[in-house]
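Participant: Handing you a structure now.
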Amino acid sequence: MEESSRGQQLLSTGEAARRDGDTEAARAAFSEALLMFRREGDLSGEALALTRQSQVARDTGDLDWALHDQAEAIALYRRAGDGLGLARALRHAGDMFLEQQELPRATAYLHEALDIYRADIDTPPLAMANMIRSVALLATALGETEAARDYWTDARERYAALGPLFPDGNAGVREAEQRLAALG
C-alpha cells in the first residue's frame, strides 16, 4: 500500500516535470513508478505509468516508441479488467495511428474505445467528449462528411456542457465549431 502511494507520487512528479518541459525528469519518474507498480503486481498502475511514458515519447515526436508503450499498457489494462483505463489507452493509441495516417488501425482502436465508453455509465463526461472528438477527426480523415458533422456536433454539445471546467474559454467548443464550419 505504501508503495502504491509512492507510485502515485512518482506519477504526479512525472506529470509536473512533463508540464515544465523536463522530459528526462518525467521519464525517470514514470520509469520508477512503473517499476514500483510492477513489483507489487498492480497491473492498472503499471499500465498508467506506461501511458505516461508513452505521452512523453509522443511529446518528443517518437510515435513508434509511444505506440510501443501504449500497446503494452493496453495489454495490461485488458488483463486487469480495467475498462475505462483500457478505453483511454485505446483512444490515445487510435489518435497516434490517426497522426500516422494508419486509418484502418485508428478505426479499430477508436471504435473499440468508443464502444467501451458508451457501455460504461461511469465514463467521465470529459473523457466522452474527448472520445467523440477523436472519432470526429477519424471520420473527417476518412472523408465521411455526414458522420464527421454528426460527431463534431455531438462533441461541441458535450464540451459546452463542461463549461465550468474551462473558465478561460472552451477550446473544445471552438475547435468543434471551426471543424463544422470547414465541413460546410
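Please treat every number below as a calculation from the coordinates, not as lab data. Note that this is a predicted model, so its numbers are computed, not measured. A quick note on method: Cβ atoms are made from the backbone with ideal geometry, for glycine too, and the neighbour counts reach across all protein chains shown.
Participant: When only C-alpha pairs under 8 Å and at least 6 residues apart count, what is the relative contact order of the chain, in percent?
Facilitator: Across the chain, relative contact order equals 12 percent.
Participant: Taking the structure as given and computing Rg/Rh (Cα atoms, Kirkwood Rh), which label from (i) 1.51; (ii) 0.99; (iii) 1.14 fits?
Facilitator: Comparing each candidate, only (ii) matches the computed number.
Participant: While we're here: Projected onto the charge dipole of the chain (+1 at Lys/Arg Cβ, -1 at Asp/Glu Cβ, origin at the Cα centre), which of 45, 14, 184 gives the Cα projection farthest towards the positive end?
Facilitator: Value computed over the given set: 184.
Participant: What residue among 139, 28, 119 has the largest mean-square fluctuation in a Gaussian network model of the chain, using Cα springs under 10 Å?
Facilitator: 119
Participant: Hey, another quick one. Report the residue, chosen from 165, 90, 76, that carries the largest GNM mean-square fluctuation when the chain is represented by alpha-carbon nodes joined by springs under 10 Å.
Facilitator: 165
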